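Enquirer: Let me begin by handing over the structure; questions about it come next.
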Amino acid sequence: MAEPMGFYTDTTVCIGCKACEVACKEWNQLPSTNGGLNTLSGDSYDNTRRLDGIHWRHVKFIEQFTEDRQDGRWLLMSDVCKHCVNAPCLEVCPTDSIQFGTIRELKDRAQKRVEQLHQTGEKRAYLYGADEKVLGGLNSFYLLVDKPEVYGLPPDPKMPTRNLKSGTWFSALGAVLVGLMGVINFRNRGARLEGQEERP
């Protein structure tokens, strides 16, 4: 049986060049926004804003500055649709922020990178989605240096099916209530009609 494959994104080496976004658009022949007349978002250099039907790759720019703007940092995270067999974003990435391979190899490589960052003083570095804590482990995981929600990732994602059982009971209860209301309505209407017929 073949080993599971996946993506590993090291946000600490992404430089925000957006070459991956451009390569993705060209390779997949995606149209430009508003015919090339894109309105600036006002969110730093993040004019793509999110993944959507014509943006299958998005480099998120997160600015963290003090109020006086004397001290700060940019966090950059490249997010992707993860559907290409031969992904052009991997070819153009000048820093290897985006990596593809077997999950086992990627986890080993990522853990070594976290250890390297810890040794050089970046104690905030950790892997998101590489262990069992996030939905049992993801096939696309990230090296982050801040909380997941800063990057737009859920801090504690849950499977949607966890609500399935309670949702089923509420749906059944709602159907019973609608049925009872219908029976009562027909009964009341029938009684009104009988009352009208009995009057001279």
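Enquirer: Step by step: first the residues of the stretch 28-41, then only those that are open to solvent by 90 Å² or more (accessible area, probe 1.4 Å) and of a type in the set (A, V, I, L, M), then the one that is nearest to the chain's Cα centre (by Cα). Which residue is that? Explain how you work it out, then say what you get.
Expert: Residues of the stretch 28-41 that are open to solvent by 90 Å² or more (accessible area, probe 1.4 Å), as a first pass: 29, 34, 37, 40.
Those left that are additionally of a type in the set (A, V, I, L, M): 37, 40.
Numbers: Leu37: 26, Leu40: 22 Å.
Here the answer is Leu40.
Enquirer: If only one of Glu63, Glu91, Glu67 is over 19 Å from Tyr128 (Cβ atoms), open to solvent by 50 Å² or more (accessible area, probe 1.4 Å) and touching a residue at least 60 places away in the same chain (Cβ under 8 Å), which one is it?
Expert: On the way: Glu63 fails: touching a residue at least 60 places away in the same chain (Cβ under 8 Å); Glu67 fails: touching a residue at least 60 places away in the same chain (Cβ under 8 Å).
On inspection, the qualifying residue turns out to be Glu91.
Enquirer: Tell me yes or no: at least one residue of the stretch 59-79 is in contact with a Leu (Cβ under 9 Å, 6 or more places away or on another chain), of a type in the set (A, V, I, L, M, F, W, C) and more than 19 Å from Lys147 (Cα to Cα).
Expert: Checked the stretch 59-79: no residue is in contact with a Leu (Cβ under 9 Å, 6 or more places away or on another chain), of a type in the set (A, V, I, L, M, F, W, C) and more than 19 Å from Lys147 (Cα to Cα).
Enquirer: Here's something else I'd like to know. From the residues in the stretch 44-70 that are among the acidic types (Asp, Glu) and touching a strand residue (DSSP E or B) at 6+ places or on another chain (Cβ under 7 Å), which one is modelled with the highest pLDDT? Lay out the reasoning, then the answer.
Expert: Pass one, the stretch 44-70, residues among the acidic types (Asp, Glu): 46, 52, 63, 67-68.
Narrowing the set further to residues that are touching a strand residue (DSSP E or B) at 6+ places or on another chain (Cβ under 7 Å) leaves 46, 63.
Values: Asp46: 81, Glu63: 89.
Looking at residues that are among the acidic types (Asp, Glu) and touching a strand residue (DSSP E or B) at 6+ places or on another chain (Cβ under 7 Å), I get Glu63.
Enquirer: The conditions are (1) assigned to a helix (DSSP H, G or I); (2) surrounded by 18 or more Cβ atoms within 10 Å (Cβ to Cβ), and Cys14 fails exactly one of them. Which is it?
Expert: (1)
Enquirer: Further question: Specify which of the listed residues (Lys133, Lys112, Lys123) is under 18 Å from the mean Cα position of the chain (by Cα) and without any contact (Cβ under 8 Å) to a residue 12 or more places away in the chain. Explain how you work it out, then say what you get.
Expert: Working: Lys112 fails: under 18 Å from the mean Cα position of the chain (by Cα); Lys123 fails: under 18 Å from the mean Cα position of the chain (by Cα).
Answer to the check: Lys133.
Enquirer: Please verify whether the stretch 166-182 includes one or more residues that are within 27 Å of the chain's Cα centre (by Cα) and either exposed (fewer than 10 other Cβ atoms within 10 Å of the Cβ) or of a type in the set (Lys, Arg) (or both). Steps first, please.
Expert: Our first condition is that a residue be within 27 Å of the chain's Cα centre (by Cα); within the stretch 166-182, this holds for 166-168.
Those left that are additionally either exposed (fewer than 10 other Cβ atoms within 10 Å of the Cβ) or of a type in the set (Lys, Arg) (or both): 166.
Checked the stretch 166-182: at least one residue is within 27 Å of the chain's Cα centre (by Cα) and either exposed (fewer than 10 other Cβ atoms within 10 Å of the Cβ) or of a type in the set (Lys, Arg) (or both).
Enquirer: Quick one: in the stretch 23-41, which of the residues that are part of a loop (DSSP other than H, G, I, E, B) and modelled with pLDDT of 90 or more is nearest to Pro94 (Cα to Cα)?
Expert: Filtering the stretch 23-41 down to residues part of a loop (DSSP other than H, G, I, E, B) leaves 28-32, 37-41.
Imposing the further condition that a residue be modelled with pLDDT of 90 or more reduces the set to 28-31.
Values: Asn28: 20, Gln29: 22, Leu30: 22, Pro31: 24 Å.
By that ranking, first place goes to Asn28.
Enquirer: Filter the stretch 123-162 for residues that are out of contact with any Ser or Thr (no Cβ under 9 Å at 6 or more places or on another chain), part of a helix (DSSP H, G or I) and modelled with pLDDT of 90 or more; which is least open to solvent (accessible area, probe 1.4 Å)?
Expert: Checking each candidate, the answer is Pro148.
Enquirer: Is it the case that the stretch 163-181 has a residue that's assigned to a helix (DSSP H, G or I) and closer than 30 Å to Tyr8 by Cα?
Expert: Taking the stretch 163-181 and keeping what is assigned to a helix (DSSP H, G or I), we get 163-181.
Those left that are additionally closer than 30 Å to Tyr8 by Cα: 163.
Taking every residue of the stretch 163-181 in turn, at least one turns out to be assigned to a helix (DSSP H, G or I) and closer than 30 Å to Tyr8 by Cα.
Enquirer: Then there's this: Regarding the stretch 42-59, can at least one residue be identified that is open to solvent by 70 Å² or more (accessible area, probe 1.4 Å), part of a strand (DSSP E or B) and closer than 21 Å to Leu127 by Cβ?
Expert: no
Enquirer: Now for a different question. Looking only at the stretch 76-99, decide whether some residue is among the β-branched types (Val, Ile, Thr), farther than 22 Å from Asn47 by Cα and assigned to a helix (DSSP H, G or I). Step through it out loud before you land on a result.
Expert: Pass one, the stretch 76-99, residues among the β-branched types (Val, Ile, Thr): 80, 85, 92, 95, 98.
With farther than 22 Å from Asn47 by Cα added as a condition, the list becomes 85.
Restricting the remaining residues to those that are assigned to a helix (DSSP H, G or I) gives none.
Checked against the condition, which is being among the β-branched types (Val, Ile, Thr), farther than 22 Å from Asn47 by Cα and assigned to a helix (DSSP H, G or I), the stretch 76-99 yields no hits at all.
Enquirer: While we're looking at this one, here's another question. Those residues that are under 20 Å from the mean Cα position of the chain (by Cα) and open to solvent by 50 Å² or more (accessible area, probe 1.4 Å), I need them from the stretch 94-106; list them, please.
Expert: Phe100
The values are calculated or read from the model by the stated rules, or taken from the named source; none is laboratory data. Given the structure is predicted, the values throughout are model-derived calculations rather than measurements. Here the Cβ is made from the backbone with ideal geometry for all residues, glycine too, and neighbour counts use every protein chain on show. Just so you know, the surface numbers come from the protein's heavy atoms only, side chains and all, with ligands and any DNA or RNA stripped out. Shrake-Rupley method; radii C 1.70, N 1.55, O 1.52, S 1.80 Å.
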